[in-house]
1. Consider V196 carefully, then state whether it is modelled with pLDDT of 90 or more, crowded, with 21+ Cβ neighbours inside 10 Å and part of a helix (DSSP H, G or I).
2. Of all residues in segment 211-246 being touching a residue at least 24 places away in the same chain (Cβ under 8 Å) and surrounded by fewer than 16 Cβ atoms within 10 Å (Cβ to Cβ), which is nearest to S296 (Cα to Cα)?
3. What do you reckon, is T191 touching a residue at least 40 places away in the same chain (Cβ under 8 Å), under 24 Å from G242 (Cβ atoms) and either hydrophobic (A, V, I, L, M, F, W, C) or in the same structural domain as R416 (by TED's automatic domain parsing) (or both)?
4. Would you mind stating whether F161 is at pLDDT 90 or above, closer than 30 Å to I248 by Cα and not in a helix (DSSP H, G or I)?
5. Evaluate the following for L226: is it more than 21 Å from R342 (Cβ to Cβ) and modelled with pLDDT of 90 or more?
6. Check segment 289-308 and report whether any residue there is surrounded by fewer than 17 Cβ atoms within 10 Å (Cβ to Cβ) and not in a helix (DSSP H, G or I).
7. With the structure loaded, tell me whether V152 is over 22 Å from A380 (Cβ atoms), part of a helix (DSSP H, G or I) and at pLDDT below 90 or whether it fails that test.
8. Could you grab me the full set of residues in segment 334-386 that are surrounded by fewer than 20 Cβ atoms within 10 Å (Cβ to Cβ) and either basic (K, R) or not in a helix (DSSP H, G or I) (or both)?
Amino acid sequence: MNHATAPRGRVRVGAAVALLTAFLAVLVGLALAPQPASAADGDPYTLSGNVHHEGEPLEGVALAIDGPGGEQLVVTDAEGRWQVKVPERGATYTVALDEETLPDGVTVIDESGEDDSPNVVEAEMGAGGRLAVNFFIGEGERNTVGFVDQLVDRVFKGINFGLMLALAAVGISLVYGTTKLSNFAHAEMVTFGAVVAYGLAGAATLGLPLWLALILTIVLAALMGLALDVALWKPLRRRGAGVVQLMIVSIGLSLAMRFIFQFFIGGGTLQLPPLADTAKIPLFGAVAVSPMEMMSMALSLVVLVAFAAWLTYSRVGKATRAISDNPALASATGIDVDKVVRIVWVLSGAMAGLAGVLYAYYRPGIRFDMGMHILLLVFAAVTLGGLGTAYGALVGALIVGVLVEVSSLWIPADLRYVGALFVLILVLLLRPQGLLGRRERIG
């Protein structure tokens, strides 16, 4: 045994333990902060309403209620009534009536003529804990948007979603390329970023300025990636753990982290402070975006371009690509594989943390299992672009993001992820190595 390296090893493990302890301290602060009630706790407040047409109740009309606690779907009963339970007072809820479920020739009308979307109502729950939202229904023509305008709008939204997805996909692709590990715990790294941002910037917690909380979140997520590599992944690699064993460990780590999040923040939905104004700005045709969406796209683009430049031109970036191509040959040429892998874990954690914050605004809201909801799409993007290739992950993420949004023009929103996965299967049948992957020689 090399006694000279033992103290250094203990120092590194101690540093990793210190980072994990700091993370637990943040979670304890979240647990002690006031939390909104969740459906599991029994939401105590009522949001209800009626849907009538010329005094007659309309049965089977679908409505979507969004706000604290997440989105809920409800259908009117035989008397035209609907009701849901929500967790917070003093909060704003959005009630959207699906006009496609109204009888033919019937539409929601705005008597003032000033509201372009009379089927969508925003209302604030008062101190009494009850709120009623009713709709004026009458004869009229529905305002429709042409198919081309809808398609352009969905493509634009898909690019926005794809850029956010790429932040997570590039990180997981780098890890696979350098270690051959399919890291299922990457989903929880995404959740980690959102949870830490809430702990730093939430009104019920530290309340730091959002820009400062975002920077600190990225730093803490990078340190979390470093701590996991020092305390878990590197020791397993040195002990010769196989790819399957490492993948099983990542699944166990994913489950453990997910339920740690749930223990400390509960099962409800938390909201980050607004990143920017949410009012829509018309761009062209039917495309209208909010400043928040524009900031999200700009931030994703800047980070991805900076990452591409680092991967292409920096010495460490070139070493990363060399290890992805052939780890044994890279090591033989003098590249410090362990050091590069450590840097990869740091970058992967940082980008996953940023993706978590942006995804919390895209959903919107933070839940303990939010990362799991996009994990399959992240793996689809990585596989579609080509396993282990960062540029392939970026291309795959953009394709998946656009497909997810565009497919909702034909299939229900709840099934929109299916379209992307179906295209993934078709592509892999024709090109198993992915779009930018290379064929591997067997034998």
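The values are calculated or read from the model by the stated rules, or taken from the named source; none is laboratory data. Fair warning: this is a prediction, and the values are worked out from it, not measured in the lab. FYI the Cβ positions are ideal-geometry reconstructions off the backbone, even for glycines, and counts take in every protein chain you see.
1. On the way: modelled with pLDDT of 90 or more: yes; crowded, with 21+ Cβ neighbours inside 10 Å: yes; part of a helix (DSSP H, G or I): yes.
Judged against the criteria, V196 is a match.
2. The first filter runs over segment 211-246 and keeps only residues touching a residue at least 24 places away in the same chain (Cβ under 8 Å), leaving 214, 217-231, 233-234, 237, 243, 246.
Still in the running and surrounded by fewer than 16 Cβ atoms within 10 Å (Cβ to Cβ): 219, 243.
Numbers: V219: 18, V243: 35 Å.
Among residues in segment 211-246 that are touching a residue at least 24 places away in the same chain (Cβ under 8 Å) and surrounded by fewer than 16 Cβ atoms within 10 Å (Cβ to Cβ), the one nearest to S296 (Cα to Cα) is V219.
3. Working: touching a residue at least 40 places away in the same chain (Cβ under 8 Å): yes; under 24 Å from G242 (Cβ atoms): no; either hydrophobic (A, V, I, L, M, F, W, C) or in the same structural domain as R416 (by TED's automatic domain parsing) (or both): yes.
The answer is no for T191.
4. Details: at pLDDT 90 or above: yes; closer than 30 Å to I248 by Cα: yes; not in a helix (DSSP H, G or I): no.
Answer is no for this residue.
5. Numbers: more than 21 Å from R342 (Cβ to Cβ): no; modelled with pLDDT of 90 or more: yes.
Here the answer is no, as L226 does not meet what is asked.
6. Keep residues of segment 289-308 that are surrounded by fewer than 17 Cβ atoms within 10 Å (Cβ to Cβ), which gives 291, 294-295, 298, 301-302, 305-306, 308.
From what's left, not in a helix (DSSP H, G or I): none.
No, every residue in segment 289-308 fails to be surrounded by fewer than 17 Cβ atoms within 10 Å (Cβ to Cβ) and not in a helix (DSSP H, G or I).
7. Details: over 22 Å from A380 (Cβ atoms): yes; part of a helix (DSSP H, G or I): yes; at pLDDT below 90: yes.
So V152 passes the test.
8. If the condition is that a residue be surrounded by fewer than 20 Cβ atoms within 10 Å (Cβ to Cβ) and either basic (K, R) or not in a helix (DSSP H, G or I) (or both), then G334, I335, D336, K339, R342, R363, P364, D369 are the ones that fit.
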